[in-house]
Structure formats: structure tokens, C-alpha cells
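Structure first, then comments.
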Amino acid sequence: MKVPFVSFLPMEKEFGDELKNAFNRVLSKSWYIEGDEDKNFEKNFSEYCETNYCIGVGNGLDALMLSLKALGLKSGDEVIIPSNTFIATALAVTYTGATPVFAEPDINTFNINPTNIKGAITEKTKAIIPVHLYGQPCDMDIVLKIAKEYNLKIVEDCAQAHGATYKGKKVGSFGDAAGFSFYPGKNLGALGDAGAVVTNNKELADKIRALKNYGSDYKYHHIYKGNNSRLDEIQAAFLSVKLKYIEKINNDRRRIANRYNENITNPKIITPKVINDCIPVWHVYGIRCNERDELEEYLSGKGIYTNKHYPIPLHLQECYKDLGISKGSLPIAEKISDTELSLPLYYGMKEEEIAFVIDAINEF
Ligand SMILES: *Cc1c(COP(=O)(O)O)cnc(C)c1O
């Protein structure tokens with residue numbers, strides 16, 4: 001048996017006809033950018049996130065970057081981000097001119113450890129980006145408390161956590177703004193690149209709406225030196241189809257994660273810990289193992305394909321050499337990089353595939 005890391009086939013089979021209808025609808029309207037599809041999706045997605053406003057943008061990186069820009073982040077400022085995340089979180093900060101400052105994660109949840117945020121705060125700190133990594137919400141009560149105490153802005157990185165809840169409330173509804181990615185492999189995925197910002201702040205929403213369209217408030221009038229980062233009508237139409245099924249999609253991911261949680265019993269494997277009062281959406285199911293590379297090779301020998309999130313921590317990436325953070329400085333992020341392995345998990349994964357993965361791991 002072969003088990004891919006991810007497969008879109010079950011979704012294409014189930015939603016394919018509706019996606020084709022969405023394509024035909026857009027084609028028949030001959031309107032491709034900033035139209036009804038965009039508005040309709042924005043309305044439904046802000047409702048889904050329990051926020052007042054949603055602004056469709058080109059991708060998740062821009063969603064974060066434009067949020068930070070709109071909040072006034074600039075050169076000389078510092079933004080605290082987790083040391084274990086996808087590079088987009090850091091680049092969003094860099095593109096505003098500000099500097100990313102890393103706070104170490106909790107080794108068991110993989111998420112930023114709120115107690116490490118305080119130690120990273122300086123006079124230059126203006127904002128925190130809590131990342132709900134792998135689909136698990138951060139401990140937002142503590143993050144909110146610290147932000148309030150030090151007067152810091154919060155931009156949530158929800159790129160991996162569409163629909164996850166913390167104390168019954170959706171992620172994305174806690175901070176000043178939140179960035180989502182609809183990259184095809186995300187829990188809510190377009191058929192190409194797309195993203196969105198959600199916020200409850202009208203002024204901020206208006207500013208982001210201008211910033212993503214050349215800084216324009218009305219046609220050929222530019223109040224900011226903005227970007228071009230609009231959500232295509234065709235992607236908005238596809239996303240509206242998928243949004244109808246997002247709970248079904250997330251529940252299916254939970255079914256698979258629960259099977260892994262309950263049945264992986266090999267003492268060499270550490271399964272992910274979930275904090276109290278939160279419901280994750282399992283964008284990634286990451287286990288840890290001291291013999292990670294051997295496990296990866298063993299599984300691929302059996303036809304089971306895995307991934308690493310992420311093989312090189314941000315502070316050791318070539319492009320962030322200028323930060324001057326040496327190996328050994330962020331030991332928890334480095335340990336996660338050295339030991340984490342992401343198991344196959346995708347909508348429609350078959351029971352026999354799940355069982356095959358579990359048995360293989362328990363026999364390792
Ligand atoms: C995917 C991702 C992003 C960026 O999204 P894109 O749509 O690829 O630009 C940002 N942060 C995290 C944590 C991500 O996983």
C-alpha cells in the first residue's frame with residue numbers, strides 16, 4: 001500500500017462538480033477581480049470567524065504583512081514571533097521594515113510558550129504574532145494579558161488554523177487583526193494562491209482594503225503607497241464552495257488525528273499535546289522521535305510519505321544570517337527541527353491507510 005503525505009483526490013471527487021459550476025458562473029459574468037464573488041466570500045468568512053470584517057488578499061504572507069503595515073509597523077520596530085513557524089511569519093515582519101524577534105515554543109504543543117514572550121520584549125517591541133501552528137490554538141489568555149500590559153498589538157497567524165477554537169471562540173477573533181492563507185494545502189484551500197485578513201476594527205479594515213489595492217480608496221486616488229494583493233473572483237468562488245464544507249473537512253482531520261492519538265503506542269514516539277479548552281483543526285499532525293531520520297526512511301520504505309515542519313529553524317536560514325543568531329541560541333526550535341515528523345493526514349484518508357500508518361509506526 002502507498003500512503004501519500006497529502007492527496008486532493010477525495011475532495012476533487014466530492015466537490016468537483018460544484019467547483020466546475022463556480023468556474024462557469026465566474027466565466028459567464030466576465031468579471032474577474034473585486035466583484036460579487038469576493039464580497040460574498042468576505043461576508044461569509046468574517047461570519048465564520050466571528051469577526052466584523054474580512055478583506056480578501058492575494059495570499060497569507062500579504063495578509064500578515066498588510067495587517068502589520070496598517071498597524072503602523074516600520075523600520076526600527078520589533079515584532080515577537082515564535083522561533084518555530086513557517087518563514088512567512090518572519091518575512092511579513094521583515095517586509096514592513098521591522099525586525100522579527102523570536103520567542104521559544106513549548107516542546108510539547110509546538111506553539112509559542114507565552115512565558116517566553118516577556119523575555120523577548122524590549123523598548124522597541126510593538127507587536128506579537130501568535131501563530132496557531134499545525135492547527136492548534138495558542139494560549140491566547142496569556143498572550144492577550146501580556147499585550148495589554150505592554151501595550152502591544154496582536155496579529156494572529158491563522159494560516160494553519162481555519163476554524164480552530166480557544167475557549168469556544170474562533171481563532172482570528174482575538175487579536176487586532178488575523179491573517180489567513182488559502183494556499184491549496186491549507187484546511188480551507190483555494191485552487192491557487194489566496195488569503196484574507198479578518199478584524200473587528202473598521203478603521204484598520206478600511207486601511208487594509210486600500211493597502212491591498214495600490215493604496216487606493218477610490219479609483220485612481222491613492223492615499224498610501226500600497227501593494228497589489230487582491231483576491232481573484234475565481235478563487236473567491238472556489239473558496240465559497242469549500243467554505244460550506246469546512247466543518248466537515250476539519251472534522252475529518254480530527255477523526256484521523258484522534259486515531260493517531262489513541263493508537264500510536266510506540267514508546268519511541270511522542271504524540272502532540274493539546275492544551276485545555278481548545279479544539280485544534282490538525283493542519284499538521286506532528287510527532288517527535290529521537291531517531292526521526294531513521295523513522296522517515298523506514299516509513300518511506302513501506303510506501304508511507306511524511307514531511308518535516310520545519311527542517312531548518314528560521315534563525316538558521318541563510319536569508320536571516322543578518323540577525324546574527326547562532327546555532328544553539330534557540331534550543332527548543334532546533335530540537336523540534338531535529339525530531340519532528342509530520343504524518344499523512346488529509347480529507348478522505350481511508351481507514352485502512354490510517355491503520356497501515358499506525359501499525360508501521362508501532363512496529364518501528
Ligand atoms: C502557509 C503559511 C503562511 C503563508 O501563507 P501563503 O498563502 O503561502 O502566503 C503564513 N504562516 C503560516 C504559519 C503558514 O503555514
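For region 1-84, applying the loop criterion from DSSP together with a ceiling of 12 other beta carbons within 10 Å to the trypsin sites (Lys or Arg not before Pro) yields Lys2, Lys74. Using a cutoff of 8 angstrom between alpha carbon atoms and counting only pairs six or more residues apart, the relative contact order for the chain works out to 23 percent. Note on region 210-258: Rg/Rh from C-alpha atoms, Kirkwood Rh, equals 1.32. If you sort Asp38, Asp17 by accessible surface, 1.4 Å probe, largest first, the order is Asp17, Asp38. Ordered from highest to lowest accessible area with the whole protein assembly present and a 1.4 Å probe, His222, His132, His283 read as His222, His283, His132.
Of the trypsin sites (Lys or Arg not before Pro) found in region 307-364, the ones in coil according to DSSP and having at most 16 other Cβ atoms within 10 Å of their Cβ are Lys327, Lys350. With 24 Å as the limit, write out which pairs from Lys29/Lys170; Lys202/Lys248; Lys170/Lys273 have Cα-Cα distances beyond it, or answer none. Long pairs (Cα-Cα over 24 Å): Lys29/Lys170; Lys202/Lys248. When the Gaussian network model of the chain links Cα atoms closer than 10 Å, the mean-square fluctuations of Gln136, Gln235, Gln317 top out at Gln317. At each listed q (0.07, 0.13, 0.14 Å⁻¹), what is the log10 of I(q)/I(0) that the Debye formula gives for the chain modelled as equal alpha-carbon point scatterers? Debye output, listed in q order: -0.30, -1.04, -1.19. Overall shape of region 109-179 was characterised from the C-alpha gyration tensor. The equivalent ellipsoid obtained from it has semi-axes of 20, 12, 11 Å, in decreasing order. Result for the chain in a Gaussian network model with C-alpha springs under 10 Å: among Leu239, Leu295, Leu323, the largest mean-square fluctuation is at Leu323. Grouping the Cα pair distances of region 217-332 into 5 Å bins from zero gives a pair-distance distribution of 2, 7, 10, 13, 12, 13, 14, 13, 8, 4, 2, 1, 0 percent in increasing distance order. Computed on region 270-364, with alpha-carbon pairs under 8 angstrom and 6+ residues apart, the relative contact order is 36 percent. Using bins of 5 Å that start at zero, the share of Cα-Cα pairs per bin across region 146-207 amounts to 4, 17, 23, 22, 19, 10, 3, 1, 0, in whole %. Under 26 Å of direct C-alpha separation, and excluding same-chain neighbours fewer than eight residues apart, Lys124 reaches these lysines: Lys69, Lys74, Lys145, Lys148, Lys153, Lys207, Lys225, Lys321, Lys327.
Our estimate of slack between Glu14 and Glu262, defined as 0.36 nm per intervening residue step minus the Cα-Cα distance, is 86.5 nm. Evaluated on region 302-352, the Kirkwood hydrodynamic radius is 13.1 Å, with distances taken between all distinct Cα atoms. Against the criterion of solvent-accessible heavy-atom surface with a 1.4 angstrom probe, Glu18, Glu351, Glu294 sort, most first, into Glu294, Glu351, Glu18.
Judged by the mean number of other Cβ atoms found within 10 Å, the most tightly packed of the peptides 141-153, 270-282, 85-97 leads the ranking 85-97, 270-282, 141-153. Hull volume per residue, based on the alpha-carbon atoms of region 1-147 and their convex hull, is 161 Å³.
What region 146-206 shows is 34 Å² of accessible area per residue, with the surface traced by a 1.4 Å probe over protein heavy atoms. Distances between every pair of Cα atoms in region 33-115, grouped in 5 Å steps from 0 to the bin holding the largest one, split as 3, 14, 17, 17, 17, 17, 10, 4, 1 percent.
Comparing mean-square fluctuations of Glu156, Glu203, Glu78 from a GNM of the chain with C-alpha springs under 10 Å, the top value falls on Glu203.
Classified by the C-alpha gyration tensor, region 117-273 has an oblate form. Its axis ratio a/c, with a ≥ b ≥ c, is 1.5 or above, and a/b does not exceed b/c. Beta bridges assigned by DSSP with both partners in the chain are antiparallel in approximately 60 percent of cases. Distance from the alpha carbon centroid of region 150-226 to that of region 238-312 works out to 26 angstrom. To the nearest 10, the accessible area of Asp206 is 80 Å² with a 1.4 Å probe.
The values are calculated or read from the model by the stated rules, or taken from the named source; none is laboratory data. Here the structure is a predicted model, which is why all the values come from computation and not from measurement. With ideal geometry, Cβ positions are generated from the backbone for all residues, glycine too; neighbour counts draw on all protein chains shown. Areas reflect the complete protein model, heavy atoms only, side chains present, ligands, DNA and RNA absent. Shrake-Rupley method; radii C 1.70, N 1.55, O 1.52, S 1.80 Å.
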